[in-house]
Amino acid sequence: MGTRIATSIRNAALAALVVAITPPPIAMQDRGDDPVPQRAQQSADKALRWLLRAQNQDGSFGDNPGMPGEIGNTCIAVLAFMGFGSTPTRGPQCRPIQRALTWLDRRARGWGASSEHLDGGTLLQRKLGANIDLYLLTLLGSQLLGNGVDGHDETRLQQEMTLAVERIAAAQKPNGEWETSYEPMLTTICAWLALRQAHDAGIRIPAASAEKVVRYLKQDCFESTTGIFHDAKWGRGVRFVSQSGALRVLYGMGEGSSPDAQRATQYLLKMSFDSDVGGHEGGEEFLAALFATQALHIERDANWRAFQPRIIDALVACQNQDGSWVGHHCITGRVFCTSCSILALLTPHRLLPMVER
C-alpha cells in the first residue's frame, strides 16, 4: 500500500513538473462570427507537420527539406509557426521557433546595419529583389516585438530594426516604389509591409512615405474604368498577383471601402488563384493569396465572406499529399509556398499583428 501511494505521489509530481515546464499555447482570438473553417484548419495542421519535418538540424530552413538554410525561408517559416499561436517562449512550436531564431541570430548578426552577412543570389532574391531578406527580417522582428520578447532580446531587436528601417526607407524611389526586381509590385509591397509593421511595433520610420506607395499604385498602376491594377513590368497584363498585392496596401491604409478599392475588389473576386499562369501556381501566387486574404479580412464584409471559401478551396485543391505546397514556376521552394499558405488559411485567428492592418 505504501509503495503504491509513494508511486502515485511521484507520478503526480512528475506530471506537475511537465505542466510547469511546458509553455502553454496562446488562446486563439477567433471572433464568434469569423472562425477558421474546419477544412482550412485541417489543411494548415497537415502543413504544419510537414514544415516541422522540413526544419534543418541547425534550426534553419532552405527552399526544400535537406537544402542549406536561407534567411528568407527561415523568416517566413517562423511567421508560419507564429500563425498557430506560438512565440519564442510559449506554445507548442516554441522550440522550433527558438532554434530558428538562434540560427538567424548567428547567421545574420548585424543585419540592421549591413547586408554583409545576408544571403546572396537566392531564389527569393532573384524573384522578390536583392533586399527581400532585409524586408522579411524586419517583418519578423515586428511580429516578435508585437508578441513580446524578453527585455535583453527586445532592446537588441529594436536596435537592429531601427537601423534596418533607415536602410529600407532610404531605398524608396521618388514615385513611391522600391527596387526593380522580377516582381516590382510585390517587392514594393513587401518593403511597405515591413515598414508599416515596424512602425506599429514602435520603430520610428524616417523619410519613407506610405502615402507615396498608395500614389504609385493608384496613379501608375490602376485602371479606374476596370478596377484592374497593372504592373508595367508585365506589359500591363491582368494578374492575380498584382491585384492582390495592391489591395493589401489599400486595405491596410484604411482605403478598403473607397470606390477604387471596391471596384478592384470586385474584379479580384472574378479572378482565379492561378489566373495568370494557365493553371499552374508559382510561389508568387501563394504570397498573393496571403496578401488578398489579409486585405479582405480587414473589413470582414460580404466580399470577405465570398472570397474566403474560394481561396480555401483553391489552396486545399493544390496541396500535396505530404501537406506541403510547391510552386510550379518562379518561386518553386516548398518551404516558402507552404508557409504562405499556412498564414493565409489561419488569417482569421488574428494571432499576428500584421493581420489587423
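The values are calculated or read from the model by the stated rules, or taken from the named source; none is laboratory data. This one's a predicted model, so the numbers in the text were calculated from it and none came from an experiment. Cβ atoms come from the backbone with ideal geometry, glycine included; neighbour counts cover every protein chain shown.
The residues in region 215-258 that are among the aliphatic types (A, V, I, L, M), modelled with pLDDT under 95 and not in a loop (DSSP other than H, G, I, E, B) can be counted, and the count is 2.
Where helices (runs of 4 or more DSSP H) sit wholly within region 259-357, those with at least 1 residues that are under 13 Å from the mean Cα position of the chain (by Cα) and modelled with pLDDT under 95 occupy 283-299. The test for being touching a residue at least 60 places away in the same chain (Cβ under 8 Å), on the phi < 0 side of the Ramachandran plot and in contact with a Pro (Cβ under 7 Å, 6 or more places away or on another chain) holds for D200. Helices (runs of 4 or more DSSP H) fully within region 33-121 that include at least 1 residues being surrounded by fewer than 21 Cβ atoms within 10 Å (Cβ to Cβ) and of a type outside the set (S, T, Y): 38-54, 94-107. Count of region 202-232 residues, restricted to those that are more than 13 Å from M185 (Cα to Cα) and buried (at least 20 other Cβ atoms within 10 Å of the Cβ), is 3. Do the conditions hold for L139, that is, is it in contact (Cβ under 8 Å) with a residue 40 or more places away in the chain, over 17 Å from A77 (Cβ atoms) and surrounded by 21 or more Cβ atoms within 10 Å (Cβ to Cβ)? When the stated conditions are applied, L139 does not pass them. Within region 37-66, residues that are over 21 Å from T102 (Cβ atoms) reach partners that are among the hydroxyl-bearing types (S, T, Y) and part of a loop (DSSP other than H, G, I, E, B) with beta carbons closer than 7 Å, at six or more positions or on different chains, in the pairs A47/S324; W50/S324.
Contact map, region 302-314: first residue farther than 13 Å from D34 by Cα, second residue of a type in the set (K, R), Cβ cut-off under 7 Å, separation 6 or more or different chains; pairs are I312/R39. Of all residues in region 156-165, none satisfies being surrounded by 17 or more Cβ atoms within 10 Å (Cβ to Cβ), modelled with pLDDT of 95 or more, assigned to a helix (DSSP H, G or I) and in contact with a strand residue (DSSP E or B) (Cβ under 7 Å, 6 or more places away or on another chain).
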